[in-house]
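The values are calculated or read from the model by the stated rules, or taken from the named source; none is laboratory data. If you're wondering where the values come from, they're calculated on a predicted model, not measured in any experiment. Quick reminder, even Gly has a Cβ in these numbers, built from the backbone with ideal geometry, and neighbours come from all protein chains shown.
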């Protein structure tokens, strides 16, 4: 994905807000259009407005700190939490459970209320958008416990993709890990990740999902991270996985 070219005028405010962790770039454009953003005390009307170092930006009257370095975290989401900052139904959220010293974070994609496992979090909305891009070709891998009669041929057929109630789902790799009575553990891998995709596809096969755990998102693994724990991804690893150049080091004075 091509990045915006640097400008002597600064950085576009939508991208600046995304890097500051206020929202994704797309959502930043929405709050700009709603008139909630000011630059130097003046309302911002265009997402192409530039922010220079030292400029004061506010959202809903609150100052926004300048973006810090991009950080990425692995979080082991427990079931029973919604992946949103505010829930109109008053359900507990992922972000309420995080250590406050981490500051404001946003999620890379989502896991629904009853799903668990690996959730990537970042302080950089532009990075979140980049990690979500289908062009990455990153596989999301899950362990799924289902109840019902599992047919291996039906699972294998998912590799050709499937259409359910008019919605087309891209190829899915699914296989049986173990089976005990009417319960089975499956490994499921997909690249697309539409809303509630695995649950809908399994229901289409006559299977009820009783547990769904994401164990990998592209190169990032859940591993042995305890439930509810959060751990920062090493910046070097992040750079390597995204093909970014390391920050330039100052040459030691001779």
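If I filter the stretch 150-186 down to residues being in contact (Cβ under 8 Å) with a residue 40 or more places away in the chain and part of a helix (DSSP H, G or I), which single residue comes out as surrounded by the fewest Cβ atoms within 10 Å (Cβ to Cβ)?
So the residue we want is 154.
State whether one or more residues within the stretch 60-77 are assigned to a loop (DSSP other than H, G, I, E, B), exposed (fewer than 14 other Cβ atoms within 10 Å of the Cβ) and at pLDDT 90 or above.
Looking for residues that are assigned to a loop (DSSP other than H, G, I, E, B), exposed (fewer than 14 other Cβ atoms within 10 Å of the Cβ) and at pLDDT 90 or above, one finds at least one in the stretch 60-77, hence yes.
Filtering the stretch 1-22 down to residues that are part of a loop (DSSP other than H, G, I, E, B), closer than 23 Å to residue 122 by Cβ and touching a strand residue (DSSP E or B) at 6+ places or on another chain (Cβ under 7 Å), which residue is modelled with the lowest pLDDT? Write out each step before concluding.
At the first step, the residues of the stretch 1-22 found to be part of a loop (DSSP other than H, G, I, E, B) are 1-6, 8-9, 20-22.
Then drop every residue that is not closer than 23 Å to residue 122 by Cβ, which leaves 1-6, 20-22.
With touching a strand residue (DSSP E or B) at 6+ places or on another chain (Cβ under 7 Å) added as a condition, the list becomes 4, 21-22.
Numbers: 4: 47, 21: 76, 22: 84.
Applying the filter and picking the extreme gives 4.
If we keep just the residues of the stretch 39-51 that are modelled with pLDDT of 90 or more and in a loop (DSSP other than H, G, I, E, B), which is surrounded by the most Cβ atoms within 10 Å (Cβ to Cβ)? Working first, answer last.
We begin by selecting, within the stretch 39-51, every residue modelled with pLDDT of 90 or more; these are 39-44, 49-51.
Subsequent filtering for residues that are in a loop (DSSP other than H, G, I, E, B) retains 40-41, 44, 49.
Details: 40: 11, 41: 7, 44: 23, 49: 20.
The extreme case among them is 44.
From the list 211, 227, 239, which one is within 23 Å of residue 72 (Cβ to Cβ) and at pLDDT 95 or above? Let's see the steps before the verdict.
Working: 211 fails: within 23 Å of residue 72 (Cβ to Cβ); 239 fails: at pLDDT 95 or above.
None of the others qualify; the one that does is 227.
Could you tell me whether any residue of the stretch 86-105 is surrounded by fewer than 20 Cβ atoms within 10 Å (Cβ to Cβ), under 15 Å from the mean Cα position of the chain (by Cα) and either farther than 30 Å from residue 19 by Cα or in contact (Cβ under 8 Å) with a residue 24 or more places away in the chain (or both)?
Taking every residue of the stretch 86-105 in turn, at least one turns out to be surrounded by fewer than 20 Cβ atoms within 10 Å (Cβ to Cβ), under 15 Å from the mean Cα position of the chain (by Cα) and either farther than 30 Å from residue 19 by Cα or in contact (Cβ under 8 Å) with a residue 24 or more places away in the chain (or both).
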